[in-house]
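Notes to accompany the following structure.
The values are calculated or read from the model by the stated rules, or taken from the named source; none is laboratory data. Only a predicted model underlies this, so the values are computations on that prediction, with no experimental measurement involved. Positions of Cβ are backbone-derived with ideal geometry, glycine not excepted, and every protein chain shown enters the neighbour counts.
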Amino acid sequence: MNIEKSKDGGRLTLKVAGRLDTNTSPELESELKFDGVSEAVFDFSGLEYISSAGLRVLMAAHKAMAAAGGTMKIVHPNAMVLGVLEITGLNSVFAVEA
């Protein structure tokens, strides 16, 4: 998995590529520092696969952003990732922009 992280004012963008699974989810979790962040954007244009461990990290990020009064969204998921979000019902929890 590869993570490109950029911050523009209060917007933190994490571009995630590869597989987000049990082995790689701790790496993404360690990148989730929301100090001074009002919006977290997960760019999944390069994400090939997401497991329940990856979904857990997204849920934790969503909870942290909500507690801080911020927002979180997922942009550019492929059909497989979008399907997982739809099957789990998380597409109605997270803001998702295909």
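Some notes on this structure:
- Filtered residues of the range 2-36 (kept if aliphatic (A, V, I, L, M) and at pLDDT below 95): Leu32
- The residues of the range 48-95 that are in contact with a Leu (Cβ under 6 Å, 6 or more places away or on another chain) and buried (at least 18 other Cβ atoms within 10 Å of the Cβ), listed by number, are Ile50, Gly54, Val57, Ala61, Val81.
- All positions within the range 19-53 that are among the β-branched types (Val, Ile, Thr), under 17 Å from Lys5 (Cα atoms) and assigned to a loop (DSSP other than H, G, I, E, B): Thr24, Val37
- In the range 3-40, residue surrounded by the fewest Cβ atoms within 10 Å (Cβ to Cβ) [restricted to those that are among the β-branched types (Val, Ile, Thr) and farther than 18 Å from Ala95 by Cβ]: Thr22
- Output for the range 54-84, where each listed residue is of a type in the set (A, V, I, L, M, F, W, C), part of a helix (DSSP H, G or I) and within 16 Å of Leu14 (Cβ to Cβ): Leu55, Val57, Leu58, Met59, Ala60, Ala61, Ala64, Met65, Val81
Residue-wise test of (1) touching an Asp or Glu at 6+ places or on another chain (Cβ under 9 Å); (2) at positive phi; (3) not basic (Lys, Arg).
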{"residue": "Lys33", "(1), (2), (3)": "no, no, no"}
{"residue": "Phe44", "(1), (2), (3)": "no, no, yes"}
{"residue": "Ala61", "(1), (2), (3)": "yes, no, yes"}
{"residue": "Gly70", "(1), (2), (3)": "yes, no, yes"}
{"residue": "Ile74", "(1), (2), (3)": "yes, no, yes"}
{"residue": "Leu82", "(1), (2), (3)": "no, no, yes"}
{"residue": "Glu97", "(1), (2), (3)": "no, no, yes"}
